[in-house]
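The values are calculated or read from the model by the stated rules, or taken from the named source; none is laboratory data. Here the structure is a predicted model, which is why all the values come from computation and not from measurement. Neighbour counts are summed over all protein chains in view; Cβ atoms, including those assigned to glycine, are modelled from backbone coordinates with ideal geometry. Please note that ligands, DNA and RNA were not included when accessible areas were found on the heavy atoms of the full protein model with its side chains. Shrake-Rupley method; radii C 1.70, N 1.55, O 1.52, S 1.80 Å.
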Amino acid sequence: MAEIQNGDIAEPPPIYRKESEAESRRKSVFENPLELDDVLVNELGQFGCFQLRNILLVALPIIASAFMSEYIFSAASVPHRCQIPECGENGKDFDYEPEWILNAVPVTDTGFSSCERYRPTGVNGSLDYCPANIFDQQNTVACDGYVYGRDNSVVYDFDLGCQEWLRALAGTLSSVGTLLVLPITGYISDRFGRRMALVISVFNLALFGLIRAFSVNYTMYLVLQLLQTTFGAGTFSSAYIFAAELVGPKYRVITSATSSSMFAVGQVVLGGVAWLVQPWRYMIMALHIPCFLIIIYFWILTESVRWLLAKQKYTEARAVLEKVAKVNNTYISDKSMDALMNPPPPPESASTNTNIIGAIIKSPVLLRRVCTTPIWWITTTFVYYGLSINSTSLSDTIYLNYILTCAVEIPGYVTAVLILDWIGRKATLSGGFFLSACCNIAFAFIPVDMTVFRLVIYLLGKFGISVVMTSMYLFTSELYPTEYRHSLLAFSSMIGRIGSISAPLTPALMEYWRGIPSMMFGAMAVLSGLLVLTQPETLGTKMPDTLAEAEALGKPESMLQKGN
C-alpha cells in the first residue's frame, strides 16, 4: 500500500526492481565476481533493521553460552576441616567453627588447617566439651573425614575435601571440551547450515547441563561437563556468525565487540542466578531450562545468506536477500542479484600455494609471527579465564566479586573499539597486556585486609585483558597473508586453548602461596606485551594478500597503504 507523505502519495522503495541506466553504469564498477560486501555497501545497507534484528535475536544464545561456566559456582571451593570423632562429630553437618576447634586443629596463616588435625590420645570429649588435653598437639595426622563451611557445591555433596586438584578438574575438562567442539561445530555448520548448528549447540548445552543437575557422583558430573562443552560450546561461534555475516565491513568490529559484551552480560546473569539460587542443583536447572526455548530459533532465524550462496542454494538466497531489502527499506538490483546467483566458475589455471609449512620455514618473518601470536592467545585465555575463576576467592562476597569481574569486561571491549584506530594495534594490545601485568603483580603483594583496594586493582587487571581480547583477533588477522590467514589464525586460537585449559588449575596453587596465580598471570602478560612490540604496526595498511605483502609490513618504503 502506498504511503502518504506531506499530503502526496509516494510509492515505497522497491525491493527488487529493474535498474535504470544510471544505476547500470554505477554497477559496472563492481569487480567480477560480485561480492556480497559490495551489495551490502552499495544497495542493501551495511547495518539496517534486518541486521539489528539478527543481533538482538542471537544475543540470547550468546548470553546462554556463558552458562557453561557455572562450574565456577557448582564446583566452587568450600571451607572445610577435619572431622573430630573424639568430640562427637560423626558426619559432615556440624558447626564449622566450634569454640574448641583450635584444641583439635593446627593454626595457619588463614585460620586453621583444612587437611590436618592433632593426633588423638584415645580420650574422648563431646560436642560441648572438647579440651586440648585429649590431643597430642606435637604431632598431626591427615583427616579421615571432613566438616564443611557451606553445602552449595559438589565439594560438599561428593565429599571432595582436600582434593583441590580433583575439584579443579571440572574447569579443565570444560576447556578441553571447547577444543573438541571446533571440528564438530565446523562440520555441522558447513554441512547443514549456520541455523542448524546454532539450534543443535543450544539444545546440547541445555540438555547436558540439565542432566548434570542430577549427578549422583563426581565422575558423572565431570563426564557431563565434558559432554556439555564438547557438543554445546559451539553456541557462541554459531550465534556470532549470524551477527557478523550480514553486517557490512564498516560495522564488523563493533558487532564483534557487541557479541563479546553479550557474553559478559551472560556471565553477569550467571553470577546473579548463582547468588539468588544457591543450591547448586537448582542453580543449574534455573540456568539451563530456559535455554530450551531458543530451539524455536530454527523457525525464527533466517539462514545465513553467505552460507546459502556458498552452497549454491540460490532460491533460498534470493528469498533472504529480498527479505533483507524489504526490512531495511532498500533494494537490490537485477544485475546484482543475477551476479550473486550466477557466479563465474574459478579459472582452471588458478592455483594457490597450499604448502603452508614450507612457506613458514622459508620465510623468517612468517616463522617469527607463527611462533609469537600463539603465545598471545595462550596468555590471553590463561589470564582472562584465570581472573574470572579466581575472583570467587577474593573475599566472602564471591558472587558480587564475580559479577564485577565480568561486568568490567564491557568497558574493556568498548575501549578497544575506540582506540584501535586511534593509537594503533600494537599500542592497544601491548598496553592492555602491560596494564593487566602490573595489576596482577601488584595484587599478589596487597595485604588481604585492604579489601576494596585489592578489588579495584583486580578489576583493572581484568579490564586490561578484556582490551586485549578484542584487539588480538584483529591484529593477528592483519599480520598474515590472505592465502594462509584462516589456517594460521585457527592455529593460534587452537594453541591458545592451552591457557584456558590451565587456568582452572591455578586456584589449587594458592595452597602454597596465595600470590602464585597472580604472579603467573603477570609474568605471562609481560612476556606477551614485549612480544607484541616485535611485530609491525598494521594501522593504516591494507590486509596483505600475498606472503611478500605480509613480509613488507612495517617497512616504510613498501608500506601498503589502505585505499579510501
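Quick look at the numbers
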| read-out | value |
| --- | --- |
| Gain in span if fully extended, residue 136 to residue 445, counting 0.36 nm per residue against the direct Cα distance | 107.7 nm |
| Rounded FRET efficiency, nearest 0.05, which uses the C-beta distance separating residue 310 from residue 400 and R0 of 45 Å | 0.45 |
| Value of relative contact order over the chain, rounded to a whole percent, pairs C-alpha under 8 Å and six or more apart | 18 |
| Solvent-accessible surface (1.4 angstrom probe) belonging to residue 494, in square angstrom, nearest 10 | 90 |
| Geometric extent, Cα atoms of the stretch 98-144 - Rg, Dmax (angstrom) | 10.2, 29 |
| Separation in nanometres of the label points that stand 7 Å from Cα toward Cβ, at residue 190 and residue 126 | 7.4 |
| Degrees between helix 235-244 axis and first principal axis of the chain (Cα, 0 to 90, nearest 10) | 30 |
| List 375, 254, ordered by accessible area with a 1.4 Å probe, largest first | 254, 375 |
| Ordering of 134-141, 332-339 by packing [mean C-beta count within 10 Å, highest first] | 332-339, 134-141 |
| Gain on full stretching of the segment that runs from residue 217 to residue 393 - 0.36 nm per residue minus C-alpha separation | 60.9 nm |
| Protein accessible area in the stretch 203-297, 1.4 Å probe - carbon and sulfur % | 79 |
| Angle in degrees between helix 314-328 and the longest Cα principal axis of the chain, rounded to the nearest 10 | 80 |
| Whole-number D in µm² s⁻¹ for the stretch 284-425, Kirkwood Cα-pair radius fed into Stokes-Einstein, 4 °C, 1.567 mPa s | 60 |
| Among 450-460, 526-536, the order from most to least packed when residues are scored by Cβ within 10 Å on average | 526-536, 450-460 |
| Charge dipole (the chain, unit charges on Cβ, about Cα centre) - positive-most of 464, 188, 357 | 357 |
| Highest-first arrangement of 64-74, 35-45, where packing means the average Cβ count within 10 Å | 64-74, 35-45 |
| Value of [θ]222 nm, deg cm²/dmol, for the chain, DSSP H segments ≥ 4, -39500 (n - 2.57) each, nearest 500 | -18500 deg cm²/dmol |
| The chain: Cys lacking any partner C-beta under 4.7 angstrom | 49, 291, 371, 406, 438, 439 |
| Nearest-ten-degree value, helix 482-502 long axis tilted from longest Cα axis of the chain | 10 |
| Neighbour net charge for residue 127 - beta-carbon separation under 9 angstrom, K R +1, D E -1 | -3 |
| Magnitude of the charge dipole, the chain, Cβ model with Lys/Arg +1 and Asp/Glu -1, debye to 20 | 1200 |
| Extension gain, residue 367 back to residue 151 (0.36 nm per residue minus Cα-Cα distance, nm) | 72.6 nm |
| Å² per residue, accessible surface of the chain at 1.4 Å | 46 |
| Accessible-area ranking of 158, 242, largest first, probe 1.4 Å | 158, 242 |
| Surface share of carbon and sulfur [accessible, 1.4 angstrom probe, percent] for the stretch 408-542 | 76 |
| Efficiency of FRET between residue 527 and residue 548 - r from beta-carbon atoms, R0 35 angstrom, step 0.05 | 0.70 |
| Anisotropy class of the stretch 239-298 from Cα gyration tensor, a/c 1.5 cut | oblate |
| Those residues of the stretch 426-463 whose amide nitrogen sits under 12 Å from the label point placed on residue 539, 7 Å along Cα→Cβ | 426-431 |
